[in-house]
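The values are calculated or read from the model by the stated rules, or taken from the named source; none is laboratory data. What you see is a predicted model, and the numbers here were worked out from it, not measured in a lab. Positions of Cβ are backbone-derived with ideal geometry, glycine not excepted, and every protein chain shown enters the neighbour counts. Surface areas here come from the heavy atoms of the whole protein model, side chains and all, with no ligands, DNA or RNA. Shrake-Rupley method; radii C 1.70, N 1.55, O 1.52, S 1.80 Å.
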Amino acid sequence: MPLNKLFVELRDKYRINFSFNDKLLSRYNVTVKQNFATPREAIQSLLKDLPLKYIQQENIYVILPVNDQKQKKYAISGQIIESGTNETLPYANLVIDNRIIPSDVNGNFYYSNNSDSIFHILASCLGHYIYDTIVPAATNYRFKLISSSIGLKEIVIKGQTADNSLLIGDRAGAMKINNQVSRFLPGNDDNAVFNLLRLMPGVLAASEQSNGLVIWGSYEGLSQIFFDGFTIWGLKSFSDEINSVNPLLIKNMEVLKGGYDASLGDRVGGIVNITGKNGNVTKPSATFNINNVTMNGLIETPLWHNSSILLSFRQTYYNKLENKDLLPSLSDENLIKKLIDYTIRPNYNFRDGNFKFSSKTDKGDLFYISVLAGEDHFQYNFNQTFGHNELSRSQNEYNLQNGATAYYSNSWKNGNVSSLNISWSGLTTDLSDIQSLLRNKKEFESRNNYTSNSINEYSANLDHWFSLNKTNRIEIGSGFIRNETSLIADSSAIRKTSLNEISQRTHAFIQDHISFARKMNLIIGIRGDYPTYLNKIYLQPRISASLGLSDEVKINLAWGKYNQFITKSSVLDKSGNYRYIWTTCNNQDVPVLESIHWILGSSYKRNNFNFSTEAYLKTTTGLTRFVNQDQDIKNRIFQGEGRSFGIDLFLRKDFGPHSAWISYTLSKTEELFSYFPTHEFMRAPQDQRHELKTGFSV
């Protein structure tokens, strides 16, 4: 009888499940008279000498032709975007058939299997409702996630759960922060980014070092801030109240305190990756904000299909620095007893602007050009005559921050993704301090200090993602970086220091993202940096893992080696004050920095309750300090090492639309430099033993 009818008869009589091509099996007639102990033996005998084979999937026997050596591959790809604005949602999380698949910076994703053409998908992104759907295999899906921040114009009730705007404990040393939560935090609007960052565990908020970004005890300049792919060299302006990044532009922030993967390099501290908005592609919109510091405006307008332009501008609209009293330090006891106060009126001005053009295709390709230019200027002049004395002083500080990126990503038909990023950024800081005291028209005391420090960075990076199978996803990349640093330091019109250095280096990395269902994710990679001026390859292996013990409990760990080839060296003057200058690590007087990160953490999430704890150890060698600025700076360079260890605790509870959290850090940061008299580790300037922070959003 025909083989197809025989299998139907076996199915009905013995309840054996089959899957086969009925037309194909009807071509073969079989005759058999035999007893079989199991269905497997019967099927093997029936298919013997026929160009057919079988595979067993659970309790189903699938009959296939022998010449079909390659199993059919079912794939799904697409992009995660925001409903209403069509903004791409970077680093969204997808759970496809119980496997965690992260999207890239443009929201693109790809997944394939050999077993089923129907996919169950859970898509989530910080600040948006979870998207739950079942779809067939296809390409160029666009899943639209609804923002969890609902305006007052309407009330929308959805039977869905909003994903948290703060995500901590999902990976070792990593935090994700969505701009949805920053708008509800107290504080000045222009400082929303820094206010939000310093509320997080492990990011220093207290002590005199809080003007910089200090993550897990890292020194000034050892952590890096990216905005749309280029480096922001200073997070804060001179006034400590205005960010270098306009908060109206921010779409997503990822904070990597340590243990990050091989795709990121050139720093031994932490990484803050800020992704900006691409602009509204559906309709023109404008946002205007005025506070007691600045006026801030944002304009978004669509151009053609899925293309838009975004413009923003901030400007201080009055001299925000109030009058200050200056008490001169004089040796005349009679004048000191009079306690004469003199009023100075500093001038302060801040402005910055952003431009961004972006264009997307229906299949998920993205191209954008993002530009930032900002400056702040502080200055005052003082001149006063009293008796036979004449005191004059002039102080000036000028900071100029620029940056630009051209970015393109391409989604291939097979689901692979390639991206190219070309960027430039720079920071120039000019400081001058001039003071003189005349007695009887003769110079009694004078000071004339001037410092100019600048750094520029040019970079090009190419990354490519491709899937080997449903378990392994490979990421490879390479790039080129060129840094130019300049330092001019004068004292009393006599040039003490003049340094101009160039650092060029190439890098390449490869890493495997391994997903064992939802229970375990593993990233194994290695990065190699080759500074051409040092003619040496620096290999940096890295590994991280996340293990889900249950749906509520997860354990994270990471280890890695990191190198840095430019540094912001500390300068210690004879009064004990610190300042910082950018220099190139030449492995002579300024060594290449090297750090080892160890991280172990755990998290617990259940019923809108989130608790995480993370222990870390960082050791750093190659630190540089210039001591006693009044002498020839080149002959006063000392090398040292640092170590930082501690534990972060984070507790968060959501109460309906409200959220409250507490973060606590217990840490110790020590340093050892060659000029220390005891040759023992001592407290570092940024050491903060205890830090407790709370936040509440409505």
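Annotations
- Checked against (1) under 24 Å from ASN246 (Cα atoms); (2) among the aromatic types (Phe, Trp, Tyr); (3) open to solvent by 60 Å² or more (accessible area, probe 1.4 Å), PHE444 passes all but condition (1).
- Considering residues of the stretch 239-279 that are crowded, with 22+ Cβ neighbours inside 10 Å, part of a loop (DSSP other than H, G, I, E, B) and small (Gly, Ala, Ser) only, the residue farthest from the chain's Cα centre (by Cα): GLY279
- The strands (runs of 3 or more DSSP E) found entirely in the stretch 309-385 that carry 2 or more residues being modelled with pLDDT under 70 and open to solvent by 90 Å² or more (accessible area, probe 1.4 Å) are 324-326.
This table checks each residue for (1) touching a residue at least 40 places away in the same chain (Cβ under 8 Å); (2) of a type in the set (Gly, Ala, Ser).
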position	(1), (2)
PHE350	yes, no
ALA406	no, yes
LEU431	no, no
GLU445	no, no
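- Qualifying residue in the stretch 121-132 (condition: outside any strand (DSSP E or B) and either basic (Lys, Arg) or modelled with pLDDT under 75 (or both)): no
- Only one of GLY107, GLY84 that is on the phi > 0 side of the Ramachandran plot, open to solvent by less than 20 Å² (accessible area, probe 1.4 Å) and of a type outside the set (D, E, K, R): GLY107
- Flag not set for THR287, criterion: closer than 28 Å to LEU199 by Cβ, open to solvent by 10 Å² or more (accessible area, probe 1.4 Å) and touching a residue at least 40 places away in the same chain (Cβ under 8 Å).
- Test set (1) hydroxyl-bearing (Ser, Thr, Tyr); (2) over 30 Å from THR275 (Cα atoms); (3) at pLDDT below 85 - TYR91 fails condition number: (2)
- Exactly one residue out of LYS618, LYS634, LYS605, LYS668 is at pLDDT below 90 and part of a strand (DSSP E or B), and it is LYS605.
- Among the residues of the stretch 292-308, the ones that are open to solvent by 10 Å² or more (accessible area, probe 1.4 Å), closer than 21 Å to LYS251 by Cβ, among the hydrophobic types (A, V, I, L, M, F, W, C) and in a strand (DSSP E or B) come to 1 in all.
- Residue list for the stretch 16-59, restricted to those being farther than 27 Å from LYS72 by Cβ and either in contact with a strand residue (DSSP E or B) (Cβ under 6 Å, 6 or more places away or on another chain) or open to solvent by 80 Å² or more (accessible area, probe 1.4 Å) (or both): ASN29, THR31, LYS33, GLN34, ASN35, ALA37, GLU41
- Of all the numbered requirements in (1) within 28 Å of SER19 (Cα to Cα); (2) in contact (Cβ under 8 Å) with a residue 24 or more places away in the chain, CYS125 misses one, and that requirement is (1).
- Count of the stretch 402-420 residues which are surrounded by fewer than 21 Cβ atoms within 10 Å (Cβ to Cβ) and farther than 20 Å from ILE80 by Cβ: 4
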